[in-house]
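Some notes on the structure that comes next.
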Amino acid sequence: MGRGGRAIIGWALGLVLASLGPSCEPPRLAGDRPATDSLTLGAYSVVREAFHDGVLPAFAERWKARTGRDVRFEESYNGSGAQARAIASGFDADIAVLSLESDMDLLVKAGVVKKGWNAGPHKGNVTRSLVVIGYRDGNPKQIRDWDDLARPGVGVLYPDPKTSGGARWNIAAIWGAGLLGGSKKPDPDAARDLLAKVQANVVNMDSSGRQSLATFERGTGDAVVTYENELLLRKKFGARPIPYATPEATLQIESPAALVEASIARHGNREVAEAFFAFLLSDEGQAILADYGFRPVNPGLKVDDLPPRPPRLFTIRDLGGWPKVKKTVFDAGGVWSSIFTRRGGGTK
């Protein structure tokens, strides 16, 4: 090509670049990385404050110090079952933090989370808590343990297990305390009797644990069965405290998290996603969660201001695992379902 031809091509290219304006950037070279990484979180509603105010800002600071890049978070909080169904249906969360193992299993069946998500030393769990009983100031009904919720004249609140993962933990705690308490072998009759008597005293079943707490605050009922971390969170934010009793035998709540492989593959953000997941399980991440009322999954981590463990703390594995508990307690013909149906809804 002659000099005249090259001049014409250069002139035409100059016109094209000028037409794009001063905001035009040169093409990104292979290997270039954006200055900001992104990560989408799909979580159950109970962890909202701990993540939004505590974990996410702390991780962003560490990520910036390590890589020089910012991280932008997209956050979604919902009931655990609703969140799991949304992710299974295509919501592009990179990290799923849910209330129940069975909700995570839904994502495995949908092909977006790996089958071995719970193979690590913490069984895939990132938070722990306890099922406890909140009561009125001064404890006028002298509520200290599950049997006190079975006494005539005690109004009880917990949410509906058909809509709330927290309610399933609550009911499993009552049933499990009856099943494992006192005898050398499991006692299904004692478990059914205790759960039936408590359910007979339930005066309201909201769709979520937080709605149950709100109903209790408005003056309904004498006791509310709930997560310990929800009551400790009130103290942190200066809300009016709800005093509570930790039953002698109660259930340890364990909430899982996992990488959503399908979304990470689409977004190309595996490095930041894996780093965030590791941060959740680090001593720093667990200490932040403890500051919001959760109990660490790291057994050696010592944190302040958490009440001592109850003498007979059991896990869902001690009850046979969630598949067995679901079938025995919550499915049609199960213990709670049959009690609820027989009592015509179980509320007054």
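Identify, please: which residue in the range 228-270 is surrounded by fewer than 22 Cβ atoms within 10 Å (Cβ to Cβ) and β-branched (Val, Ile, Thr) and is, among those, farthest from Ala214 (Cα to Cα)? Residue satisfying both the conditions and the ranking: Thr246.
Return the residues of the range 222-260 that are among the charged types (D, E, K, R) and more than 21 Å from the chain's Cα centre (by Cα); say none if nothing qualifies. Across the range 222-260, the qualifying residues are Asp222, Arg240, Glu248. Applying the criterion of being of a type in the set (S, T, N, Q) and in a helix (DSSP H, G or I) to the residues of the range 31-72, the residue that is farthest from Ala93 (Cα to Cα) is Thr67. Just one of the listed residues (Val203, Val224) is within 24 Å of Pro152 (Cα to Cα), surrounded by fewer than 17 Cβ atoms within 10 Å (Cβ to Cβ), at pLDDT 95 or above and in contact with a strand residue (DSSP E or B) (Cβ under 8 Å, 6 or more places away or on another chain), namely Val203. Regarding the range 192-201, can at least one residue be identified that is farther than 30 Å from Ile288 by Cβ, assigned to a helix (DSSP H, G or I) and polar (S, T, N, Q)? Yes. Hey, among Leu281, Leu313, which residue is in the same structural domain as Ala190 (by TED's automatic domain parsing) and in contact with a strand residue (DSSP E or B) (Cβ under 7 Å, 6 or more places away or on another chain)? Just one listed residue meets the conditions, Leu313. Would you check if Gly238 is outside the structural domain of Gly68 (by TED's automatic domain parsing) and either of a type outside the set (Lys, Arg) or touching a Cys at 6+ places or on another chain (Cβ under 9 Å) (or both)? Criteria met by Gly238. Checking each residue in the range 225-254 for being in a helix (DSSP H, G or I) and of a type in the set (S, T, N, Q) picks out only Asn229. Restricting attention to the range 255-301, the residues being touching a helix residue (DSSP H, G or I) at 6+ places or on another chain (Cβ under 7 Å) and not in a helix (DSSP H, G or I) number 12. Among the residues examined, Gly176 qualifies as among the small types (Gly, Ala, Ser) and either within 24 Å of the chain's Cα centre (by Cα) or at pLDDT 95 or above (or both). Of the residues that make up the range 133-148, is at least one under 28 Å from Ala257 (Cα atoms) and either assigned by TED's automatic domain parsing to the domain that holds Thr328 or crowded, with 24+ Cβ neighbours inside 10 Å (or both)? Checking the range 133-148: at least one residue is under 28 Å from Ala257 (Cα atoms) and either assigned by TED's automatic domain parsing to the domain that holds Thr328 or crowded, with 24+ Cβ neighbours inside 10 Å (or both). Those residues that are farther than 13 Å from Trp322 by Cβ and either in a strand (DSSP E or B) or in contact with a strand residue (DSSP E or B) (Cβ under 8 Å, 6 or more places away or on another chain) (or both), I need them from the range 85-109; list them, please. Result: Ala86, Ile87, Phe91, Asp92, Ala93, Asp94, Ile95, Ala96, Val97, Leu107.
Being modelled with pLDDT of 95 or more, within 27 Å of the chain's Cα centre (by Cα) and among the basic types (Lys, Arg) is the filter here, so list the residues in the range 144-165 that pass it. Scanning the range 144-165 gives a single hit, Arg144.
The values are calculated or read from the model by the stated rules, or taken from the named source; none is laboratory data. In this text, all values refer to a predicted model and were calculated from it rather than measured experimentally. Reconstructed Cβ throughout: ideal geometry from the backbone, glycine too, with neighbour counts over all protein chains shown.
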